[in-house]
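Written out below as structure tokens is the structure these notes cover.
The values are calculated or read from the model by the stated rules, or taken from the named source; none is laboratory data. This one's a predicted model, so the numbers in the text were calculated from it and none came from an experiment. Positions of Cβ are generated from backbone atoms using ideal geometry, with glycine treated the same way; all protein chains shown enter the neighbour counts.
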Amino acid sequence: MSPLSGQNILLGVTGGIAAYKAAELLRLLRGAGAEVRVVMTPAAAEFVGPLTFQALSGHPVSSELLDPAAESAMGHIALARWADRIVVAPASADVMARLRAGLADDLLTTLCLAATAPVILAPAMNQAMWQHPATRENAAVLRQRGICLLGPATGEQACGETGPGRMLEPAAILAALITAEPSGRLAGVRILISAGPTREAIDPVRYLTNRSSGRMGYALAAAATAQGARVSLVSGPTALPRPDVERHVAVESAAEMAEAVLGLAPASDIYIGTAAVADYAPAPSADKIKKDADTLTLTLTRTRDILAAVAGLPERPFTVGFAAETRDLETYARAKLAAKRLDMVAANAVGAGLGFEVDDNALHVCWPDGETRLPTAPKTVLAHQLLDLIADRYHAHHPAQDPR
Ligand code: PMT
């Protein structure tokens, strides 16, 4: 049975082009067994007709604060009491600002103020609006008050710009709602995540690197933050915008990553090594290497194994490694688990649209006395599923901290 089975979810839809995706989210929520009622702002109704949501939810859509018909059936206070969770998707910059200010100038903001149920927002807006200091501040204040923000994702926007501000895909929102406990099962847990590639300098203008985009690690950082964790992200160079995490440390080389991770690991409860760290690095030349000779030989030296070093700390965090393999995935994953004395390994086959650089992945996750497969899905979805497995195993080691 789905954890959403029988839950009463109030779906708030605000004005924005992503409103059309709310219809798909509604369909998925109902498919997962939730009872859904929809509240639309007048601006949302300009983008998608209420009839669509009425047909999909099986209930009339509410939009007016002072609606005599609604007050005689399910008035706004009754609706606020009915909800087990309020999910606002898409959540516009405007509704975030009004929620932050505590306004109750339409039905949706009134419900958010009147309800005691957890409120979850899936922001969607133009990238400049998302990155504006006012919105950043609103997001931070809402988070401090316990409102959960899922996303936004980064990518091409309807306005033709590219950047952070796209609403998370409905499947990713559903995965977050299924895995994240209303109380935040990872609330307050200190999670350290490494992400992206490293760059190993050959000389002042050249370097060795790999194909990691950082997407898997950044998705984990966003999902962990959404689940209430205090996240530190140590990131190699990526083109991704800085996510909303408690601490973000930008590094280049494997040696810098080792220093940052090992500095933070003793004060972390969980370490997830998603980064594709260079296994070998050259000793960089101080001057640009000239192309005088026909061949060039580089001598590479093994870098420090950060994951093994974290797992070897006297007071080590719960340590999760990744494994990127082109064959014998499960065998190599088990071998890494044992050799580095890890608590868990998430192995991914690389190539054919999975692993490096792409949006999707599939994981074979193993721990000392168990294993499971997480089939192909967007990294934003897999991140929540993997964190759920990590929370299970982590809380099995620390039962006193499990809010379940
Ligand atoms: O960034 P994306 O484009 O989204 O791609 C995601 C990913 C494919 C990079 C990610 O899912 C992944 O598999 N990351 C680990 C890649 C890797 O380096 O695998 P590995 O099998 O070589 O290393 C095993 C583990 O040891 C990893 O947790 C790695 O972080 C760690 N390691 C490796 C070398 C080293 N010197 N120090 C380490 O800590």
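Just a few scattered comments:
- Residues that are within 16 Å of the ligand (Cβ to nearest atom) and of a type in the set (A, V, I, L, M) within segment 275-294 comprise Ala275, Ala276, Val277, Ala278, Ala281, listed in sequence order.
Residue-by-condition table, conditions (1) over 22 Å from Ser268 (Cβ atoms); (2) among the hydrophobic types (A, V, I, L, M, F, W, C); (3) at pLDDT 95 or above; (4) not in a helix (DSSP H, G or I):
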residue	(1), (2), (3), (4)
Pro375	yes, no, no, yes
Thr380	yes, no, no, no
Ala383	no, yes, no, no
Ala396	no, yes, no, no
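- Candidates Thr299, Thr303: the one that is within 11 Å of the ligand (Cβ to nearest atom), modelled with pLDDT of 95 or more and hydroxyl-bearing (Ser, Thr, Tyr) is Thr303.
- Criterion: buried (at least 19 other Cβ atoms within 10 Å of the Cβ), closer than 19 Å to Leu25 by Cα, at pLDDT 90 or above and not β-branched (Val, Ile, Thr) - qualifying residue of Pro170, Pro197: Pro170
- Segment 306-365: number of residues that are more than 10 Å from the ligand (Cβ to nearest atom) and closer than 17 Å to Ala278 by Cβ: 0
- Only one of the numbered conditions (1) under 19 Å from Val13 (Cβ atoms); (2) of a type outside the set (Ser, Thr, Tyr); (3) surrounded by fewer than 22 Cβ atoms within 10 Å (Cβ to Cβ); (4) touching a residue at least 60 places away in the same chain (Cβ under 8 Å) is not met by Asp105, and that is (4).
- Pair list, Cβ under 8 Å, 6 or more apart: segment 311-335 residue outside the structural domain of Leu363 (by TED's automatic domain parsing), other residue at pLDDT below 95 and of a type in the set (Ser, Thr, Tyr): none
- A search for C-beta distances below 9 Å between a residue of segment 113-125 that is assigned by TED's automatic domain parsing to the domain that holds Ala89 and any residue that is polar (S, T, N, Q) and not in a strand (DSSP E or B), counting only pairs 6+ apart in sequence or on different chains, returns Pro118/Ser183; Pro123/Ser92; Pro123/Thr135; Ala124/Thr14; Ala124/Ser92; Met125/Ser92; Met125/Thr135; Met125/Gln157.
- Test result for Leu342, buried (at least 16 other Cβ atoms within 10 Å of the Cβ), touching a residue at least 24 places away in the same chain (Cβ under 8 Å), touching a strand residue (DSSP E or B) at 6+ places or on another chain (Cβ under 7 Å) and farther than 29 Å from Ala187 by Cα: no
- Condition met for Gly151 (crowded, with 19+ Cβ neighbours inside 10 Å and of a type in the set (Gly, Ala, Ser)): yes
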